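To start, the structure itself, in structure tokens.
The values are calculated or read from the model by the stated rules, or taken from the named source; none is laboratory data. What you see is a predicted model, and the numbers here were worked out from it, not measured in a lab. Backbone-built Cβ (ideal geometry, glycine too); neighbour counts: all protein chains shown.
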Amino acid sequence: MIGLFKKSRTNPEDVSTDTAASAAPSEAGDTPDNRSPKGFFSRLTQGLSKTSRAMTEGIATLVQGKRKIDDELLEELESRLLMADVGVEATQRILDALMRNAAAQDLKDADALLQALRQAMVEVLAPIQQPLEITPTGGPFVILVVGINGAGKTTTIGKLAKHLQLLGHSVMLAAGDTFRAAAVEQLKTWGERNQIPVIAQGQGADSASVIYDALQAATARKVDVLIADTAGRLHTQSNLMEEMKKVSRVITRLDETAPHQTLLVVDAGTGQNALNQAREFNRALDLTGLVVTKLDGTAKGGILFAIAEQLGIPVRFIGVGEGIDDLRPFDAEEFVSALLELDPPA
């Protein structure tokens with residue numbers, strides 16, 4: 001047993017904005033039933049099914065007839081946790097905790113083992129369960145969203161904007177990804193759908209300039225939250241990471257406390273590479289949180305455990321589908337229960 005600016009002179013009120021006269025029809029999944037905890041837990045369980053199968057399939061058969069946790073069971077569980085990208089350190093911690101939790105009881109069936117396993121896994125994830133809080137700043141609360149291309153960054157911004165809107169906050173979006181042709185239009189579509197203003201300039205404009213102008217506009221209009229998109233970049237591209245640092249510096253010219261949150265969006269399907277991305281972006285930008293997307297399309301959902309064990313960066317949201325309501329605040333007990341296909345926490 002194993003024992004991982006060029007500053008624009010454009011007036012922010014003259015910058016292209018995009019607000020719709022009426023909201024577009026809701027996306028699939030955005031229904032009263034699906035907004036309920038029970039409705040989301042059902043989708044979460046379904047979304048995590050690939051990781052669940054990779055992690056626990058066959059464990060019940062292996063446990064059947066056993067009165068204690070033995071080496072055969074531990075080795076099989078260890079193998080499955082590693083295959084789900086839980087990581088060596090987190091896997092060992094889970095197994096150690098499992099042994100401690102089970103020391104005073106006979107585990108006579110699979111249900112008893114899974115309950116003990118749930119407790120051990122929740123212990124790893126609980127410290128990174130820290131919901132995003134919009135606190136008073138004397139101006140707009142600025143959220144800077146970063147990540148590589150393909151992680152679902154712009155879509156996440158649209159969903160996050162809707163989430164905050166439903167909580168009663170006024171929101172504005174800054175189309176800071178000026179390099180990907182479709183990014184600005186994609187963000188404007190989200191703005192139209194939810195009647196949220198979008199500050200944008202032309203393709204190729206300076207990203208820091210766009211976000212600076214957006215913060216001026218948000219301040220003038222007394223908007224509660226400004227969410228700024230940024231161009232996707234690889235964590236290995238040091239020159240582009242330096243550009244991200246410039247964006248942060250430019251924002252402080254208007255508000256020395258901003259950005260108030262710097263969120264990295266990672267695709268769960270990239271497995272251990274998501275961990276590497278988080279590590280390098282954190283070194284460059286001092287991340288305040290993560291959004292883990294596309295958990296419904298991968299068997300590598302265990303990467304959250306590796307992130308928790310090695311980095312400890314709060315996971316603010318997880319995404320388990322395409323619907324606007326499929327981005328939810330991360331809850332450790334709910335996540336593990338869905339992963340193990342157990343009843344949701346009370």
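Just one of the numbered conditions (1) in contact with an Asp or Glu (Cβ under 8 Å, 6 or more places away or on another chain); (2) surrounded by 24 or more Cβ atoms within 10 Å (Cβ to Cβ); (3) modelled with pLDDT under 95; (4) aliphatic (A, V, I, L, M) is not true of I303: (3).
Listed by first and then second residue, the pairs with beta-carbon distance under 6 Å, at least 6 apart or on different chains, first residue in the stretch 323-338 and under 14 Å from Q130 (Cα atoms), second at pLDDT 90 or above and in a loop (DSSP other than H, G, I, E, B), are P329/P131.
Let's see how each residue does on (1) assigned to a helix (DSSP H, G or I); (2) at pLDDT below 95; (3) under 30 Å from Q261 (Cα atoms):
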{"residue": "N101", "(1), (2), (3)": "yes, yes, no"}
{"residue": "Q105", "(1), (2), (3)": "no, yes, no"}
{"residue": "L114", "(1), (2), (3)": "yes, yes, no"}
{"residue": "V122", "(1), (2), (3)": "yes, no, yes"}
{"residue": "P127", "(1), (2), (3)": "yes, no, yes"}
{"residue": "I134", "(1), (2), (3)": "no, no, yes"}
{"residue": "G138", "(1), (2), (3)": "no, yes, yes"}
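If you check A338, A274 for being crowded, with 17+ Cβ neighbours inside 10 Å, assigned to a helix (DSSP H, G or I) and either charged (D, E, K, R) or out of contact with any Ser or Thr (no Cβ under 8 Å at 6 or more places or on another chain) (or both), only one passes: A274.
One residue stands out in the stretch 120-148 among those that are out of contact with any Leu (no Cβ under 8 Å at 6 or more places or on another chain) and more than 24 Å from N194 (Cβ to Cβ): the one that is surrounded by the fewest Cβ atoms within 10 Å (Cβ to Cβ), namely G138. Can you name the residue in the stretch 297-307 that is in a helix (DSSP H, G or I) and more than 13 Å from the chain's Cα centre (by Cα) and is also nearest to F40 (Cα to Cα) among such residues? Filtering the stretch 297-307 for residues that are in a helix (DSSP H, G or I) and more than 13 Å from the chain's Cα centre (by Cα), the one nearest to F40 (Cα to Cα) comes out as G297.
Restricting the stretch 192-218 to residues that are among the polar types (S, T, N, Q), out of contact with any Pro (no Cβ under 6 Å at 6 or more places or on another chain) and assigned to a helix (DSSP H, G or I) leaves a set whose member that is modelled with the highest pLDDT is S209.
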